[in-house]
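Computed from the coordinates by the stated procedures, all read-outs in this text should not be read as laboratory data. Treat the numbers as computed from the prediction; the structure is a model and nothing was measured. Counting neighbours? That spans all protein chains shown, and the Cβs are built from the backbone with ideal geometry, glycine included.
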Amino acid sequence: MLSRRFTRRDFLKGAAVIGGGILAGCAPAPATPVVIEKVVEVTPVAEEPRFDGVTLNLLWHPGEIIPIIAKQEEYIKEKYGITFKIHESPSDISQQESLKDWRAGGGTYDIVMHFPRYNGELATGYLRPLDDLIVKYNAQPLFDNIVDTYRILYTQWGGQTIAVPVDGDVAMLYYRKDALENPDYQKKFKEKYGYDLAVPRTWEQFMDIAEFFTGWEWGDTGKPGYGFQTSTWDRAFIEQQWAPMMASAGGNWFDADMNPMINEGGAGARALTDLKYLLDYAPENSISLSWGETMETVFANDVALVLWYMDLGRLGMSEKSWFAQSGSVEKYQKFGFALWPGYEVNGVYRNFNSMFYGRVVGISKFSEYPDACFQVFKVLLTPERRVLSMDDPQSGSDMFLKTDYDPAVFKVLSPSAEYLNVAKQVLSNGFPEMQLPGTSEYMDVLQGGLHSFLTGRETDANKVMQDVADRWNEITDRWGRELQKRYWAEVRSRYKKAGLKIAGV
């Protein structure tokens, strides 16, 4: 069994994995990977345990993510005797609270929530592997029910299970059927561009359609429409739009030697240039809009092509959803659903959807109650319990279990079978977040470079990509190139296992 205590010496041994704002300005010392031996023999328990009097401290994202645990709180208390103390932390910085806890010697939290990108920073010294608990509590069927792509990419690290998904964020293409299927518009489009108007397969077609539907009254608002909107253009999240385009153009995060591949064959510059081109066909001032504000522009205007996450389709038929103030069922019913377009490069076609900003939870190695924590995870993965937060107009938890895609499981919401079928395809074709120690630093540099080009501060996309690559190499060398190569090799092996046709894998 794994020890419940994690010594200061062990912490210092793994200190090189702490990155981001916690050690800003401090170069982490080289370190060897923290190796945790797998449990060889575990005897499964025969009866459900109780943990009366145990209070677990949960680090949790706020707002529409709270229902994920709130829907289960009374049930868990009644069944297991477990109560919670929930510590809310903004989603984009919550991992820093975990890193602070680690740095201070641990003990503040039992269960921590974070974006999957931070698995690489937390699994190497803060998160407790779950495999022995899976065996002990006969939970393997629950983990087998996680969609394969999500399970392989976002719950594992170093051959062990270290996290549990609670929100399956993957973006899809929403397109206005009354725009793309209008015979008059189809005729005008073909006259202008020389080919049929249809759901775009390539980004070149996507850009033509965005241009075509911008600046004239084609919808029912009585105002000039727009061709495009994405889920957010905010600096702190802009890579979620750019990265799948980069990968579709033949790029990747790194090659096997940790050399940046973001501009392989000009992939990153091409994606960035095309993204800026699309900004001209989005509603005014989109560059400064948040997630919620971009949703408002989609519903307040006629927008032909929208790249947004699963929330839009899952909640679109509900007047009580957390974004209902931004729109209406009538507007949502005009949308069709598709995968993101891609690029054809040297005869190879690739298309990836953004698989960014889902949420996972893990158990802190410092927790005195790992068995109690695991009962919470079992409940969160049990289909008939899990659906309570997914089937909730105030919840931001999207599908990630194989059983989540059956329209019959929804009793409050009413997502269409068409939407759920496309959503399932999208999840198997997502481009994943970077997962490495130091991801916070890599992403901050990338986000700054992307935003500088989109705002016009920089005008040479290739120079932006080169500057990012140079700084990434500095980060890699500071963390230890050989160590990062070993971590990255394991991540790349999971890309291959998940069947992703990413360049360099």
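Some notes on this structure:
- Note, ³J(HN,Hα) from phi for region 78-89, Karplus 6.51, -1.76, 1.60, rounded to Hz, x at Gly and Pro: 5, 7, 10, x, 8, 10, 10, 10, 9, 9, 7, 9
- Placing unit charges on the Cβ atoms of the charged side chains and taking the dipole of the chain about its Cα centre, the candidate lying farthest along the positive direction among 430, 351, 502 is 502.
- Protection-proxy order for peptides 312-320, 225-233, each taking the mean of Cβ atoms within 10 Å per residue, highest first: 225-233, 312-320
- For the chain, the longest principal axis of the Cα atoms and the long axis of helix 370-381 meet at an angle of about 30 degrees.
- Mean separation of Cα contacts under 8 Å, 6 or more apart, over the residue count of the chain: relative contact order %: 25 percent
- Calculated over region 110-204, the projected area of the Cα convex hull averaged across directions stands at 9.6 nm².
- Kirkwood hydrodynamic radius (C-alpha pairs) into Stokes-Einstein, region 461-503, 25 °C and 0.890 mPa s, D in µm²/s: 205 µm²/s
- Whole-Hz couplings from phi, Karplus 6.51/-1.76/1.60, listed for region 131-136; x for Gly and Pro: 4, 5, 6, 4, 5, 4
- Estimated vicinal HN-Hα couplings, Hz - region 308-316 in sequence order (Karplus 6.51, -1.76, 1.60; Gly, Pro = x): 9, 7, 5, 3, 4, x, 5, 9, x
- Within the chain, helix-based [θ] at 222 nm, where runs of 4 or more DSSP H residues each add -39,500 (n - 2.57), nearest 500: -11500 deg cm²/dmol
- DSSP-defined beta bridges in the chain - what % are antiparallel, rounded to 5: 60 percent
- Gyration tensor verdict on region 232-385 (Cα atoms; rounded if a/c is under 1.5, prolate if a/b is larger than b/c, oblate otherwise): oblate
- Shape category assigned to region 88-145 from the gyration tensor of Cα positions, a/c cut at 1.5: prolate
- Put simply, when 151-157, 98-104, 179-185 are sorted by average Cβ atoms within 10 angstrom per residue, most first, you get 151-157, 98-104, 179-185.
- Separation of alpha-carbon centers, region 88-136 and region 239-277, rounded to whole Å: 29 Å
- Percent of alpha-carbon pairs separated by more than 43 Å within the chain: 15 percent
- Each Lys and Arg Cβ is given +1 and each Asp and Glu Cβ -1; about its Cα centre, region 171-355 then shows a dipole of about 280 debye.
- Which listed pairs, of 378/424; 100/365; 136/497; 85/378; 334/501; 188/276, have C-alpha distances above 21 Å, in listed order: 378/424; 136/497; 334/501; 188/276
- Angle in degrees between helix 94-103 and the longest Cα principal axis of the chain, rounded to the nearest 10: 30 degrees
- Relative to the dominant Cα principal axis of the chain, helix 461-479 is inclined by about 0°.
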